[in-house]
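Participant: Structure in structure tokens, see below.
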Protein chains: 2
Amino acid sequence: VSKVPTRADAVQLDRLDRLAAYRARFSLPADVCYLDGNSLGALPRGTSARLHQVIEQQWGHDLIRSWNAHGWIDLPQRIGAALAPLVGASADEIIVCDSVSVNLFKLLSAALRRNDPRKVILTEASNFPTDVYVAQGLVRTGVSAAELRVVPRTELECNLDEHVAVLLLTHVDYQSAAAHDIRRLTDQAHRAGALVLWDLSHSVGAMPLSLADDQVDFAVGCGYKYLCGGPGAPAFAFVAQRHLPQLESALVGWMGHQQPFAFAIDYRPADGIDRLLCGTPPILSMMALEVGVQLIAEIGITAIREKSQALTEFFRQCVEPWLAESGLRWGSPLNPTQRGSHLSLHHPAAHAIVQALIAQRVIGDFRAPDLVRLGFAAPYVSFVDVWEAADRLREMMRTGSYDQPQYHVRAKVT
Amino acid sequence: VSKVPTRADAVQLDRLDRLAAYRARFSLPADVCYLDGNSLGALPRGTSARLHQVIEQQWGHDLIRSWNAHGWIDLPQRIGAALAPLVGASADEIIVCDSVSVNLFKLLSAALRRNDPRKVILTEASNFPTDVYVAQGLVRTGVSAAELRVVPRTELECNLDEHVAVLLLTHVDYQSAAAHDIRRLTDQAHRAGALVLWDLSHSVGAMPLSLADDQVDFAVGCGYKYLCGGPGAPAFAFVAQRHLPQLESALVGWMGHQQPFAFAIDYRPADGIDRLLCGTPPILSMMALEVGVQLIAEIGITAIREKSQALTEFFRQCVEPWLAESGLRWGSPLNPTQRGSHLSLHHPAAHAIVQALIAQRVIGDFRAPDLVRLGFAAPYVSFVDVWEAADRLREMMRTGSYDQPQYHVRAKVT
């Protein structure tokens, strides 16, 4: 239908791109097409200077006083407040701490308690594994006598029965990029008397969310993907205001106490979202995350989503003409409103293809068993990046040059 | 008995101090006596350059490939191995991840399961609050149907009955610095059929430990105090080899899976200590911790302990002659072998005294209700620091100059 785009088309699209200038705010190697921001977001240029200041001035010079003087103690709330508009929540409904897995555990245990005597955690078999593992650990060791029900994606709705305490889902699928309809599923869960816990790891920072409007109960999300918070950046937890006063997690600690520095022997949860804090947060990693969140918020989540859809559609146009004959098979929804900000392609030699692309300076990732996964983080990916990636992929598939022994070697993390 | 030391005595002691040269390996303000390394360890000089390299080169340039190329994926084990000799454990019994509170939760839940059908967690009322909070959260939400028994320190041994599943204690008390006898209490617990979980937060990096020789079952400890890992640095968890194959924590996640990147739907714990991993670790904070652990290991834990005892005894000699008349009252064991590396002094105006000391550039901290707490981290505290601190304290107590309105103002963190 549409003609195959040329490199000149890509150059022109970059010229018209209102976000193009933001690429200079990230530190990226000049000759790389970085299409893995869905796994590890690129480095904001401001991060290094910020960390230098935090380390030398705040830690090294001001020492212990920095907990007050530089607001270390308020970082979980401060970054939460910066994140709130990105997910459509109030500042006092979000807190930044721990990992996605740990926050999932806190909120799952709290949701079960909140919806007692219901016992069932309902989730889908294609959920990101750690979400299921957290539920399995909780169930196996008898927290709240919970039960876990894992069903195919298509059977979620018919499994929303009177036993389900909480529906645990990931918004954007880490493999296919298929996006659930948060509003519709939340509404259905509520009608069935269940609470919802959304994992936003593959959507936060890539697309606008409206947790308050959609009546979401609980959510978690990742700091190191589209939020550009750095490797293993802390995660966030969201709790709707209406649940906060009664919220009781199985995993509590001194930073969630109403008066941590009173050192009282009895745990009394803080009034609001602070009660989800547990131990002392890793300040250096928190500070790096703050730089990323501020930058993404500055760019604007609506503009990011708009460009991300344009990028993925442009990739589609570039590969569509030769995709079928290459042996690659589309693994993501064709409608851009129904997917997140990455695309997946099936191929039996996916692992070797990804390695060969990396050797050609196009960085995506492999996901077992057969996915080539490419992420299109709008703040720093250009249309020329996309065109180049498609072009090198086309040439590689045409010549079969990916089928070499060195591209089949598996590293520890793939 | 002994004469009051002079500043010249302190200078002479520094001259003889074999660790004196290590002070230059830390970045400390020149005019400050930093006696709060028990709360936040000082900044190693190497940290800033290391983090700059990790941020710019590893994250910014090498991007996602750094998980393999720069060993991010092995950091929890690598730092654990560096820590092992400091605590008398094997490299494969320690892992670095999460916070002390989160690791306490994992190990408490695992210990209860391991010692089923016993249900009681026994601890002391003066334990650090987060240790008790973690147990309370676990009990309240029904993990393993546990019960919590909190008793005075003097009644621990008579409470080691046939119901106790795990004895949960902190080695060095955060207030008094009194050190439990790990070997004796572990042995008593074992005779009573209980397991032990030691919190080493106030001892690791300050004194040698012998977890293997003492037959300790489980332990956790803090990275941001004597290990100089930076504010909120990740914590560690120790599990004796004999417990690892059956160890089952309530809190699990993908990084603890046998094959995290197989993305299997069923949780299968990794073979060894790796199973205690949960979410993705915060790499920037982990890297800073590694610098601190390496430096402490290089200095040598036996030498550190020796100097730390000399420092605290020197402080005692400096203050002993005038302590009684000042209204300050000794709050730590007099025998240096029975205490950790900090000292506490009781005084009704402790908060104001600490603030006034800080104004005079002697940084200690206040602990409610009435403690002036001073830490003597041997790697960077000099005998002159100690003499100066004692001298300024003496003058302050003599003149009552601490009793001014500005010293009574409470900050958020005190």
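The values are calculated or read from the model by the stated rules, or taken from the named source; none is laboratory data. Please read these numbers as outputs of a predicted model, since none were measured by experiment. All Cβ positions, even for glycine, are placed from backbone atoms using ideal geometry, and neighbour counts span all protein chains on display. The protein model used for the area step is the full one, side chains on, heavy atoms only, and it has no ligands, DNA or RNA in it. Shrake-Rupley method; radii C 1.70, N 1.55, O 1.52, S 1.80 Å.
Participant: Residues of the stretch A:310-349 being assigned to a helix (DSSP H, G or I) and under 20 Å from A:Asp403 (Cβ atoms), which ones?
Facilitator: Taking the stretch A:310-349 and keeping what is assigned to a helix (DSSP H, G or I), we get A:310-326, A:336-338.
Listed by number, the residues that qualify are A:Val319, A:Trp322, A:Leu323, A:Ala324, A:Glu325, A:Ser326.
Participant: Something else: Any idea how many residues of the stretch B:146-162 are in contact with a helix residue (DSSP H, G or I) (Cβ under 9 Å, 6 or more places away or on another chain) and either over 18 Å from B:His180 (Cα atoms) or assigned to a loop (DSSP other than H, G, I, E, B) (or both)?
Facilitator: Here is the first cut: in the stretch B:146-162, the residues in contact with a helix residue (DSSP H, G or I) (Cβ under 9 Å, 6 or more places away or on another chain) are B:146-151, B:156-157, B:160.
Applying the additional criterion that residues be either over 18 Å from B:His180 (Cα atoms) or assigned to a loop (DSSP other than H, G, I, E, B) (or both) yields B:146-149, B:156, B:160.
Number satisfying all stated conditions: 6.
Participant: Name the residue, out of B:Asp62, B:Asp92, B:Asp116, B:Asp98, that is surrounded by 24 or more Cβ atoms within 10 Å (Cβ to Cβ) and acidic (Asp, Glu).
Facilitator: Numbers: B:Asp62 fails: surrounded by 24 or more Cβ atoms within 10 Å (Cβ to Cβ); B:Asp92 fails: surrounded by 24 or more Cβ atoms within 10 Å (Cβ to Cβ); B:Asp116 fails: surrounded by 24 or more Cβ atoms within 10 Å (Cβ to Cβ).
When all the criteria are applied, what remains is B:Asp98.
Participant: Could you list, in sequence order, all residues of the stretch B:256-292 that are hydrophobic (A, V, I, L, M, F, W, C), touching a strand residue (DSSP E or B) at 6+ places or on another chain (Cβ under 8 Å) and outside any loop (DSSP other than H, G, I, E, B)?
Facilitator: Hits for the stretch B:256-292 are B:Ile273, B:Leu276, B:Met286, B:Leu289, B:Val291.
Participant: I've got another one for you. Exactly one condition in (1) of a type outside the set (Phe, Trp, Tyr); (2) within 27 Å of B:Leu251 (Cα to Cα); (3) touching a residue at least 40 places away in the same chain (Cβ under 8 Å) is false for B:Asn68; which is it?
Facilitator: Evaluating B:Asn68 over (1) of a type outside the set (Phe, Trp, Tyr); (2) within 27 Å of B:Leu251 (Cα to Cα); (3) touching a residue at least 40 places away in the same chain (Cβ under 8 Å) leaves (3) as the failure.
Participant: Here's another thing I want to ask about it. Identify, by number, the condition in (1) closer than 25 Å to B:Gln53 by Cα; (2) open to solvent by 10 Å² or more (accessible area, probe 1.4 Å) that A:Ala125 doesn't meet.
Facilitator: (1)
Residue-by-condition table, conditions (1) basic (Lys, Arg); (2) under 30 Å from B:Gly232 (Cα atoms); (3) in contact with a Pro (Cβ under 7 Å, 6 or more places away or on another chain):
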residue: B:Val4; (1), (2), (3): no, no, yes
residue: B:Arg7; (1), (2), (3): yes, no, no
residue: B:Arg25; (1), (2), (3): yes, yes, yes
residue: B:Leu28; (1), (2), (3): no, yes, no
residue: B:Val32; (1), (2), (3): no, yes, no
residue: B:Asp36; (1), (2), (3): no, yes, no
residue: B:Gly41; (1), (2), (3): no, yes, no
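Participant: Step by step: first the residues of the stretch A:311-349, then only those that are in contact with a strand residue (DSSP E or B) (Cβ under 7 Å, 6 or more places away or on another chain) and of a type in the set (Phe, Trp, Tyr), then the one that is least open to solvent (accessible area, probe 1.4 Å). Which residue is that?
Facilitator: Ranking the candidates gives A:Phe315 first.
Participant: Please go through (1) touching a residue at least 12 places away in the same chain (Cβ under 8 Å); (2) more than 24 Å from B:Lys225 (Cβ to Cβ) for B:Cys158 and return the number of the only condition it doesn't satisfy.
Facilitator: Status for B:Cys158: all satisfied but (1).
Participant: In the list A:Val381, A:Val372, A:Val386, which residue meets the criterion of being open to solvent by less than 20 Å² (accessible area, probe 1.4 Å) and in a helix (DSSP H, G or I)?
Facilitator: A:Val386
Participant: Residues in the stretch A:203-217: is at least one touching a Pro at 6+ places or on another chain (Cβ under 8 Å) and touching a residue at least 40 places away in the same chain (Cβ under 8 Å)?
Facilitator: No, because not a single residue in the stretch A:203-217 is touching a Pro at 6+ places or on another chain (Cβ under 8 Å) and touching a residue at least 40 places away in the same chain (Cβ under 8 Å).
Participant: Sticking with this one: Taking the stretch A:194-248, which residues are of a type in the set (A, V, I, L, M), under 25 Å from B:Met286 (Cα atoms) and part of a strand (DSSP E or B)?
Facilitator: A:Val220, A:Ala235, A:Ala237
Participant: Sticking with this structure for a sec: Can you pull out every residue in the stretch B:30-47 that is at the interface with chain A (Cβ under 8 Å from one of its Cβ atoms) and open to solvent by 10 Å² or more (accessible area, probe 1.4 Å)?
Facilitator: Matches in the stretch B:30-47: B:Ser39 only.
Participant: Yes or no: B:Pro245 open to solvent by 10 Å² or more (accessible area, probe 1.4 Å) and away from chain A (no Cβ under 14 Å)? Walk me through it before giving the result.
Facilitator: Working: open to solvent by 10 Å² or more (accessible area, probe 1.4 Å): yes; away from chain A (no Cβ under 14 Å): yes.
Here the answer is yes, as B:Pro245 does meet what is asked.
Participant: As an exercise: evaluate A:Trp67 against (1) farther than 30 Å from A:His257 by Cβ; (2) within 10 Å of chain B (Cβ to nearest Cβ); (3) touching a Pro at 6+ places or on another chain (Cβ under 8 Å) and give the number of the one condition it does not meet.
Facilitator: Only one criterion in (1) farther than 30 Å from A:His257 by Cβ; (2) within 10 Å of chain B (Cβ to nearest Cβ); (3) touching a Pro at 6+ places or on another chain (Cβ under 8 Å) is unmet by A:Trp67, namely (1).
Participant: Can you tell me how many residues within the stretch B:65-89 are among the small types (Gly, Ala, Ser) and either buried (at least 24 other Cβ atoms within 10 Å of the Cβ) or modelled with pLDDT under 95 (or both)?
Facilitator: Adding up the residues that qualify gives 2.
Participant: Name the single residue that is nearest to the other protein chains (Cβ to nearest Cβ) among those in the stretch A:101-145 being in a loop (DSSP other than H, G, I, E, B) and not small (Gly, Ala, Ser).
Facilitator: First, pick out the residues of the stretch A:101-145 that are in a loop (DSSP other than H, G, I, E, B): A:115-119, A:125-128, A:141-142.
Checking the rest, the ones that are also not small (Gly, Ala, Ser) come to A:115-119, A:127-128, A:141.
Details: A:Asn115: 13, A:Asp116: 10, A:Pro117: 12, A:Arg118: 15, A:Lys119: 12, A:Asn127: 8, A:Phe128: 8, A:Thr141: 4 Å.
Top of the filtered list is A:Thr141.
Participant: Working carefully through the options B:Ala111, B:Ala145, B:Ala165, find the one that is open to solvent by 30 Å² or more (accessible area, probe 1.4 Å) and among the aliphatic types (A, V, I, L, M).
Facilitator: Working: B:Ala111 fails: open to solvent by 30 Å² or more (accessible area, probe 1.4 Å); B:Ala165 fails: open to solvent by 30 Å² or more (accessible area, probe 1.4 Å).
Residue meeting the stated conditions: B:Ala145.
Participant: Looking only at residues in the stretch B:48-59 that are more than 7 Å from chain A (Cβ to nearest Cβ) and surrounded by fewer than 21 Cβ atoms within 10 Å (Cβ to Cβ), which one is nearest to the chain's Cα centre (by Cα)? So that I can check it myself, show each step before the final result.
Facilitator: Residues of the stretch B:48-59 that are more than 7 Å from chain A (Cβ to nearest Cβ), as a first pass: B:49-50, B:53-54, B:57-58.
Narrowing the set further to residues that are surrounded by fewer than 21 Cβ atoms within 10 Å (Cβ to Cβ) leaves B:49-50, B:53, B:57.
Details: B:Ala49: 25, B:Arg50: 23, B:Gln53: 28, B:Gln57: 32 Å.
Filtering the stretch B:48-59 for residues that are more than 7 Å from chain A (Cβ to nearest Cβ) and surrounded by fewer than 21 Cβ atoms within 10 Å (Cβ to Cβ), the one nearest to the chain's Cα centre (by Cα) comes out as B:Arg50.
Participant: Another question, if that's okay. Do we find a residue being within 14 Å of chain A (Cβ to nearest Cβ), among the small types (Gly, Ala, Ser), buried (at least 22 other Cβ atoms within 10 Å of the Cβ) and assigned to a loop (DSSP other than H, G, I, E, B) anywhere in the stretch B:350-363?
Facilitator: Within the stretch B:350-363, none of the residues are within 14 Å of chain A (Cβ to nearest Cβ), among the small types (Gly, Ala, Ser), buried (at least 22 other Cβ atoms within 10 Å of the Cβ) and assigned to a loop (DSSP other than H, G, I, E, B).
Participant: I'd like the residue in the stretch A:256-276 that is buried (at least 19 other Cβ atoms within 10 Å of the Cβ) and touching a Gly at 6+ places or on another chain (Cβ under 8 Å) and, out of all such residues, is farthest from the other protein chains (Cβ to nearest Cβ).
Facilitator: So, considering only residues that are buried (at least 19 other Cβ atoms within 10 Å of the Cβ) and touching a Gly at 6+ places or on another chain (Cβ under 8 Å), the one farthest from the other protein chains (Cβ to nearest Cβ) is A:Ile273.
Participant: Taking the criterion of being assigned to a helix (DSSP H, G or I) and within 8 Å of chain A (Cβ to nearest Cβ), would at least one residue in the stretch B:8-22 satisfy it?
Facilitator: No, that holds for no residue.
Participant: Go through the stretch B:199-229 and give me each residue that's open to solvent by 10 Å² or more (accessible area, probe 1.4 Å) and at positive phi.
Facilitator: B:Gln215, the sole residue that qualifies.
Participant: Out of A:Gly232, A:Gly279, A:Gly253, which single residue is under 15 Å from the mean Cα position of the chain (by Cα), within 7 Å of chain B (Cβ to nearest Cβ), crowded, with 24+ Cβ neighbours inside 10 Å and farther than 15 Å from A:Ala82 by Cα?
Facilitator: After applying the criteria, what remains is A:Gly232.
Participant: Hey, another quick one. Within the stretch B:78-95, can one find any residue that is within 10 Å of chain A (Cβ to nearest Cβ) and not aliphatic (A, V, I, L, M)? Let's see the steps before the verdict.
Facilitator: Residues of the stretch B:78-95 that are within 10 Å of chain A (Cβ to nearest Cβ), as a first pass: none.
No - not one qualifying residue is present in the stretch B:78-95.
Participant: Let me ask something additional. Would you be able to say whether some residue in the stretch A:184-193 is open to solvent by less than 30 Å² (accessible area, probe 1.4 Å) and within 14 Å of another protein chain (Cβ to nearest Cβ)?
Facilitator: no
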